[in-house]
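Here's the structure we're looking at; comments come further down.
Read-outs: derived from the displayed coordinates by stated rules, not from any lab. Being a predicted model, the structure only gives us computed values, none of them experimental. Here the Cβ positions follow ideal geometry from the backbone for every residue, glycine too, while neighbour counts run over all protein chains shown.
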Amino acid sequence: MGAYILIGLIALIGMLVQRQLKHKFDFYSKIRLKKGYTGAEVAQMMLADNGINDVKVVSTPGYLTDHYHPVKKTVNLSEPVYSSNSVAAVAVAAHECGHALQHAQGYKWLKLRSALVPVVQFSSSMVQWVLIAGILLVKSFPQLLLVGIILFAATVVFSFITLPVEYDASARAKRWLINKGIVDTEESKGVADALKWAARTYVVAALSSLATLLYYIQIYNRRN
């Protein structure tokens, strides 16, 4: 029962954080940057300023679909970010460029996360079915649930390794935007606030995955 309550509580917190993130993004999307740079322009400037010339800035469909692709070497900015000159847009654009900087400079946590991608892809493709079968057969064949727990644990480790990667990218973004005078003091507060709530979604996701893992471990320990 305790595991159910924990998972439910984290899920509720996750919903509230997502709502707050959307609220913050919508709010700061309405505040225009005094210097008028768009998300795409800020991304291009940040990459060039750090000597990164082999990464392209491209527009991608969707809402909050922004990401850095290390294989294609592209900073993918959603349409509301790419062409907007809002505080939210430059915050997101600089954050994604922060990942490009991590990649170029061999940031250790990004390298570790990238190394785990094949493992997580493999485990994610089958963990759901292994866990279901393992729960159904927990009394007669508990080893199957143990395999599922090990597979799921890989995704939990991945979610926690993601945290320093995201926080470091935000720190790089804020530092560059301030040092280059892209944002003033008041705008920098908006950038920090928007990125803070974005980072919290990753924290909630990590805690949720950990709570779920503990739930499966609890089932395994009570198999008899």
| Between Ile31 and Asp49, 0.36 nm times their residue separation minus their Cα-Cα distance comes to what? | 4.0 nm
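For a quick check: sort Trp176, Trp109 by the number of other beta carbons within 10 angstrom, fewest at the front.
Neighbour counts put them in this order, fewest first: Trp109, Trp176.
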| query | What net charge is computed for the residues neighbouring Ile13, neighbours being all others with C-beta under 12 Å from the C-beta of Ile13, Lys and Arg scored +1, Asp and Glu -1? | reply | +2
| task | Normalising by the residue count of the stretch 47-184, find the relative contact order in percent from Cα pairs under 8 Å and 6+ residues apart. | result | 21 percent
| said: Which order do the peptides 59-71, 160-172 come out in when sorted by mean C-beta neighbours inside 10 angstrom, highest first? | reply: 160-172, 59-71
| request: Report, ordered by chain and residue number, the aspartates and glutamates lying within cross-link reach of Lys34, taken as a straight Cα distance under 15 Å and ignoring same-chain residues fewer than 8 apart. | output: Asp184, Glu186, Glu187
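Starting from the Kirkwood radius over alpha-carbon pairs of the chain, derive D by Stokes-Einstein at 25 °C in a medium of 0.890 mPa s and give it in µm² s⁻¹. Intermediate values should be presented prior to the final figure.
Working: Rh = 19.0 Å.
Answer, rounded: 129 µm²/s.
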| query | Of all DSSP beta bridges located in the chain, what percent are antiparallel, nearest 5? | reply | 45 percent
| query | Across 5 Å bins from the origin, how do the percents of Cα pairs in the stretch 125-209 run, short distances first? | reply | 3, 14, 16, 13, 11, 10, 8, 7, 6, 5, 4, 2, 1
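To the nearest 500 deg cm²/dmol, what mean residue ellipticity at 222 nm is calculated for the chain from DSSP H runs of n ≥ 4 alone, each contributing -39,500 (n - 2.57), summed and divided by the residues? Provide the component values of the computation, followed by the final result.
Details: 7 runs with 166 residues, N = 224.
After summing the helix terms and dividing by the residues of the chain, the value is -26000 deg cm²/dmol.
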